[in-house]
Amino acid sequence: MTHPAIALPSLIAHRGYSAAAPENTLAAVRAAHEAGAQWVELDVQLLGDGTPVIWHDADVARCSDGRGGLDKLTWAQVQSLDAGSWFSDAFAGEKMASLEAMLALLNELEMGVNLEIKVNKGRDSITLVNRVMPEVLDALPAERLIISSFDPAALHRCRTFAPKEELALGVLFGSTPKDWRAQCEAVDAFSIHPHWPRLKRPQADAMHEAGYQLLCYTANDPGAFNSRWAWGIASAITDEPAIFQRFLDNQRLATH
């Protein structure tokens with residue numbers, strides 16, 4: 001069986017349009033949409049009370065006016081946090097997004113999402129997957145969803161919720177390990193998400209030939225990344241979708 005018929009865009013907005021709005025917020029996804037992005041990359045994890053939220057870090061210090069680990073906070077507590085002022089005054093009062101609210105926004109905007117199952121140190125990957133997957137699969141069509149993770153156990157658990165023709169899974173790598181192929185085959189992966197500066201051309205060629213889509217993170221200099229398109233890269237995950245798009249548009253103009 002084949003994977004969902006996902007039409008991958010060249011650019012995926014990392015944590016929403018995180019160069020223009022506070023990362024992983026509803027505002028960042030709206031900004032990505034306004035900039036023309038069709039897909040966003042977001043992180044999901046659980047609060048201490050089991051509420052799934054869109055958040056990257058293990059704690060709230062960097063991206064809010066509060067303190068404390070996610071595993072110690074409740075939904076009621078995080079509602080009092082300002083998750084926007086740290087970025088700029090224009091986003092004062094922006095709240096941490098629940099998974100529920102984010103899925104509703106993605107459907108409203110008809111956007112695709114690469115949702116990373118974010119397993120921070122000391123957190124239980126299986127509990128996270130069990131809580132998140134039913135809600136996500138119920139909300140989004142297969143053509144607008146890729147679930148990714150660095151955590152093999154999380155990906156294995158995700159696969160139990162749907163076969164590959166109904167759910168695209170992506171395997172995240174920093175440096176590509178020697179057993180990358182076995183890791184991907186073990187979860188019927190759709191895509192491989194390498195850290196772009198560490199990906200080597202022979203690795204990219206082998207991945208491409210094996211039938212995997214390549215989504216490279218986090219590419220913010222379109223000139224530096226430009227040679228990589230010839231490696232069969234499907235998408236660049238970027239904080240700067242508008243700058244990247246202008247570069248690509250100019251490249252096309254120059255070649256015509």
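Brief remarks follow.
- Residue list for the stretch 1-56, filter: over 20 Å from GLY69 (Cβ atoms) and of a type in the set (Asp, Glu): GLU34, GLU41
- Scan of the stretch 235-256 for residues that are buried (at least 18 other Cβ atoms within 10 Å of the Cβ) and either over 28 Å from THR25 (Cβ atoms) or touching a strand residue (DSSP E or B) at 6+ places or on another chain (Cβ under 7 Å) (or both), ordered by number: SER235, ALA236, ILE237, THR238, ASP239, PRO241, PHE244, GLN245
- Filter result for GLY232 (within 19 Å of the chain's Cα centre (by Cα) and closer than 30 Å to ALA31 by Cβ): no
- Residue among ALA28, ALA19 that alone is under 26 Å from ALA142 (Cα atoms) and surrounded by 18 or more Cβ atoms within 10 Å (Cβ to Cβ): ALA28
- Subset of the stretch 1-16 [touching a helix residue (DSSP H, G or I) at 6+ places or on another chain (Cβ under 8 Å), surrounded by fewer than 24 Cβ atoms within 10 Å (Cβ to Cβ) and among the aliphatic types (A, V, I, L, M)]: ALA5, ILE6, ALA7
- Cβ pairs under 8 Å, 6+ apart, first in the stretch 245-256 and under 13 Å from GLY223 (Cα atoms), second polar (S, T, N, Q) and assigned to a helix (DSSP H, G or I): PHE247/ASN226; GLN251/ASN226
- Flag for LEU73 being of a type in the set (A, V, I, L, M), in contact (Cβ under 8 Å) with a residue 24 or more places away in the chain, closer than 27 Å to LEU214 by Cα and crowded, with 19+ Cβ neighbours inside 10 Å: no
- Strands (runs of 3 or more DSSP E) (entirely within the stretch 129-232) containing at least 1 residues that are touching a residue at least 12 places away in the same chain (Cβ under 8 Å) and aromatic (Phe, Trp, Tyr): 168-173
- Candidates are the residues of the stretch 203-256 that are of a type in the set (Ser, Thr, Tyr) and touching a Cys at 6+ places or on another chain (Cβ under 8 Å); the one that is nearest to VAL40 (Cα to Cα) is SER235.
- Summed over the stretch 31-52, residues that are surrounded by 24 or more Cβ atoms within 10 Å (Cβ to Cβ), outside any loop (DSSP other than H, G, I, E, B) and among the aliphatic types (A, V, I, L, M) total 4.
Here, each number is a calculation from the coordinates, and none is a lab measurement. In this text the structure is predicted, and so the values were computed from the model without any measurement. As a convention, Cβ positions derive from the backbone with ideal geometry for all residues, glycine included, and neighbour counts pool all protein chains shown.
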